[in-house]
Structure formats: C-alpha cells, structure tokens
C-alpha cells in the first residue's frame, strides 16, 4: 500500500518522518486531483460549454471531484483518477478542437504542477538543518509536500493518459476514433476490470514488481521527475 510505504519509509518502520510524509500526502493529493478536474472544466468553458460549471465542477471542494474507486487506487498504489467532468461537445465553438483541448487539459495541468513543485524539492533539499530539531521537521514536511506533489502529479498524468475508460487517454482517443466501433466498445465495457486487475497484480509477490502498470509509471515517472529536478538545479546552481 502506498500510504504504508510512506508511513514506514519503504517498510523500515514508523517514524516521525513517515508520519509527516503521510500528512503531506493529503494536501498533495488534493492539489493533483482538484486542479486536474478544474482544468477540464475551465477549458470546456473557454470552448463554449458551461456544463461543468452548471454541475459545480469548477469548485475547490474535493467531494465534488472524488471518484471513490479512483481515490482508493491513489491510496493503494499512488495513482488513480477522479470523477469525469461532464461536458457537452455540442456546445463547443469548434467541436473537435474543444474535445482535444478538454481531454489533455488535466494531464497538462498535472505536468505543469509537477514542474513548479520541483522548485521546492530542489531548494528545500539544500537547506542545512540539524536532524531532530523543530526546524528539521518543518523543513522535512515542506520538502515531503513538494516531493509528493511533484510525484503524484506526474503519476496522475501518466496514469490518466492511458487509453482506458473513463481516463483522459480514452477521451482523447475518442476524438479521432468512432466510439461505436468494437475496440472502443470493449474499452468502455471492460476498462474498469482491467484497472482492477492492475491493482491485484500489485499485491502478488514477485509478480507485482513487474506489473506493466508499475513499470510504466516508475520508468517514465522517474525520467520526468529527474528531468524536472535537473532543470531547476541548473537554474539555481551556484
């Protein structure tokens, strides 16, 4: 479980740092989830569709955006999804452009957030503090918050771009493919079972380490994570 890994520092035991990491996880998750969904709604609004606004999906209230299965995924494995934002493509000024931009809005927002919070990871990691002091734990919490916000946003973006219903990747694919064809029908019908299957694989000994989803998120997430941090280290070097 992702929360357990945070709490015990990868299974090494509960510590104050672990507790602070779990506390930092909560606002980090809210930022990744809420701003992702608001981005969908705002871009839909800019394209001429007020459906998301009418349903209250431009709100900062997390309860308006939570999908409980997607939230459980976030807690268990560190990536998941939120309740899809309702849109009406018929209201778009340019239907295809609107569908494409709304589909990618959340993922782009997550990557931008990760890029911004990487600044905190780089700068806070340079602060010299004595371990065990009040300042140490304050800096640790701020560092954990920035690190988790960066990583959760990257994980959230990579996961949501998968072409599985109801993720953003499916929505983007539907902009170019007829949703009535057999493949898209299959995705709408079985995507949830595929996603649940990925969760089960995570908890099978040995196999879980080689789960396709885990390898995908960890490999590409690590590349993006390191890239963002290296960029800001170059900016703030010296």
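The values are calculated or read from the model by the stated rules, or taken from the named source; none is laboratory data. This structure is a prediction, so every number in the text was calculated from the model and none was measured. Glycine gets a Cβ as well: all are built from the backbone with ideal geometry, and neighbour counts include every protein chain shown.
Looking at segment 79-134, which of the residues that are free of Cβ contacts under 8 Å to residues at least 12 places away in the same chain and touching a helix residue (DSSP H, G or I) at 6+ places or on another chain (Cβ under 7 Å) is surrounded by the fewest Cβ atoms within 10 Å (Cβ to Cβ)?
Only one residue fits best here, namely 130.
Collect the residues in segment 67-90 that are part of a helix (DSSP H, G or I), more than 12 Å from the chain's Cα centre (by Cα) and either within 26 Å of residue 2 (Cα to Cα) or at pLDDT 95 or above (or both), keeping them in residue-number order.
Result: 68, 69, 72, 76.
State the number of residues belonging to segment 162-215 that are modelled with pLDDT under 80 and closer than 30 Å to residue 98 by Cα.
Qualifying residue count for the region: 0.
Would you confirm whether or not segment 19-26 contains a residue that is more than 25 Å from residue 83 (Cα to Cα), modelled with pLDDT under 95 and surrounded by fewer than 21 Cβ atoms within 10 Å (Cβ to Cβ)?
So far as segment 19-26 goes, yes, one or more of its residues are more than 25 Å from residue 83 (Cα to Cα), modelled with pLDDT under 95 and surrounded by fewer than 21 Cβ atoms within 10 Å (Cβ to Cβ).
Taking segment 37-66 only, how many residues are part of a loop (DSSP other than H, G, I, E, B) and more than 20 Å from the chain's Cα centre (by Cα)?
Counting residues in segment 37-66 that are part of a loop (DSSP other than H, G, I, E, B) and more than 20 Å from the chain's Cα centre (by Cα) gives 6.
Could you check segment 135-176 and list, in sequence order, the residues that are in a loop (DSSP other than H, G, I, E, B) and surrounded by 13 or more Cβ atoms within 10 Å (Cβ to Cβ)?
Once the filter is applied, which keeps residues that are in a loop (DSSP other than H, G, I, E, B) and surrounded by 13 or more Cβ atoms within 10 Å (Cβ to Cβ), segment 135-176 yields 161, 162, 163, 164, 165, 166, 167, 175.
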